[in-house]
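Note sheet for the following structure.
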Amino acid sequence: MRPATLTINLNHLRHNYALLETKAKDAQIMAVVKANAYGHGLVPVSKVLYQQGCRSFAVTDAEEGSQLRLHLPKDAAIILFSGVFDAADAKLCSEFQLTPTITTQDQLNLLTEQLFTGFVWLKVDTGMHRLGALEAQTLHAAIQAHPRIELAGIMSHLACADTPEHPLNAQQIKSFQSLKEQLPAPLYSLFNSAGLIALSEQIDTQIMRPGIALYGIEPIAGQTLGLKAVAQLSSQVMQVRDIQQGESVSYAASWVAPHNMRIAVVALGYADGLPRLLSNQGEAGVNGHLLPIVGRVCMDYCMLAIEEHQVSIGDKVVFFGAGDNQPKANQVAAKCQTIAYELLTGLGSRLQRQYIGEKS
Ligand SMILES: Cc1ncc(COP(=O)(O)O)c(C=O)c1O
């Protein structure tokens, strides 16, 4: 079996959840587990969080929601951040007791036409200008007027929470405050991971929506909370080879050995989610040392320059993880001009996924 592995440490997930619960003080937590729990596995992650006391789970759509419902008890709310796209989605909401968000009258109509009975969240735009009801009052009134539909809460999303001093945060908080005063609801929610950490003192909200922090990625650069990375991407050395000075490695001969040396061929490539942008600039941890990726990252392999270190066939190679002398997902993403969210959600489906720490 190919050794390319994503190891998910469920104890780290428990640690992060507990830390975020402390930061949330009296507010509840809606765990954002959309996009297959940011690549970590929707079901195992959600089951652990349920066991830790979480009762609200946010997924993308009805398909993810109905899959999750099969594994979570009835008292867990499953919220669809993208709401319903069509009648089939609305049917799934009824069948699997899902809680869609609503941003348009059309979405409400789809639900009522399918005789949906249950809770919805109203999602309002306060300045991000992505999803979110523009006619919040009208939609709020339509929900309130409907005999079979109940309002669970009102949510909005900040565009710049990871830059707490950005002026748009204050504007959005102000706008959400005025919505709170106009539109009654059982719960209000505004903050993702970064907002929970840096901005949640500024307005009273009852439920926080962390995603990335649950997975152990520090959401604000330079503000370390003590989160633990949940995912480790690793593989093994398949071959150790001698390369003479002047010989090149991998496609396009983009790297040429500056002197006689050894390289390690590792069974992990871009089809596993290792970004090709790491060619000639990434690193990986082997036996406690960081070794540079040399040459182009291939579909199934990449190569490391060994220099003076002791490296053998079968040695474990870590591309990101929580340990010392292992690259961090945030650093890897930054090298590729992206964010850890994209790196994690882009991990290949063919990776072996191993769960460590007691499974629920
Ligand atoms: C509406 C909404 N709330 C919360 C989150 C969680 O954000 P984060 O992963 O930054 O905590 C997301 C993620 O994109 C989102 O779309």
Next item on the list: Would you please list the contacts, defined by Cβ atoms under 7 Å and residues six or more apart or on different chains, that run from a residue in the stretch 153-170 that is outside any loop (DSSP other than H, G, I, E, B) to a residue that is small (G, A, S) and more than 12 Å from the ligand (Cβ to nearest atom)?
Entry: G153/A185; I154/A185; L168/G127
Check: Taking the stretch 25-48 as the search range and keeping residues that are in contact (Cβ under 8 Å) with a residue 40 or more places away in the chain, out of contact with any helix residue (DSSP H, G or I) (no Cβ under 6 Å at 6 or more places or on another chain) and in a helix (DSSP H, G or I), which one is nearest to K316 (Cα to Cα)?
Finding: P44
Next item on the list: Pairs only if they're at least six apart or on different chains, beta carbon under 7 angstrom, first in the stretch 50-77 and within 14 Å of N36 (Cβ to Cβ), second small (G, A, S) and assigned to a loop (DSSP other than H, G, I, E, B); list them, first residue then second.
Entry: F57/A76; T60/S82; D61/S82
Item checked: Selection within the stretch 192-223 - among the hydroxyl-bearing types (S, T, Y) and over 18 Å from Q172 (Cβ atoms) -> Y215
Next item on the list: Using the structure shown, decide if L225 is within 16 Å of the ligand (Cβ to nearest atom) and in contact (Cβ under 8 Å) with a residue 60 or more places away in the chain.
Entry: yes
Next item on the list: Taking A333 as meeting all but one of (1) over 28 Å from Q52 (Cα atoms); (2) part of a loop (DSSP other than H, G, I, E, B); (3) without any contact (Cβ under 8 Å) to a residue 60 or more places away in the chain, write down the number of the exception.
Entry: (2)
Checklist line | Residue tally, condition over 8 Å from the mean Cα position of the chain (by Cα) and within 12 Å of the ligand (Cβ to nearest atom), over the stretch 25-39 | finding: 3
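In the stretch 250-285, how many are within 26 Å of the chain's Cα centre (by Cα) and part of a strand (DSSP E or B)? Write out each step before concluding.
Here is the first cut: in the stretch 250-285, the residues within 26 Å of the chain's Cα centre (by Cα) are 267-279, 281-285.
Now restrict to residues that are part of a strand (DSSP E or B): 283-285.
Qualifying residue count, the stretch 250-285: 3.
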Checklist line | Any pair with Cβ under 8 angstrom, 6 or more apart, that starts in the stretch 279-300 at a residue that is without any contact (Cβ under 8 Å) to a residue 24 or more places away in the chain and ends at one that is in a strand (DSSP E or B) and hydrophobic (A, V, I, L, M, F, W, C) | finding: P292/L304; P292/A305; I293/A284; I293/C302; I293/M303; I293/L304
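Any read-out appearing in this document is the output of simple, stated calculations on the displayed coordinates, not a laboratory observation. Quick caveat: nothing in here was measured; it's all calculated off a predicted structure. We place every Cβ from the backbone using ideal geometry, glycine too, and count neighbours over all the protein chains shown.
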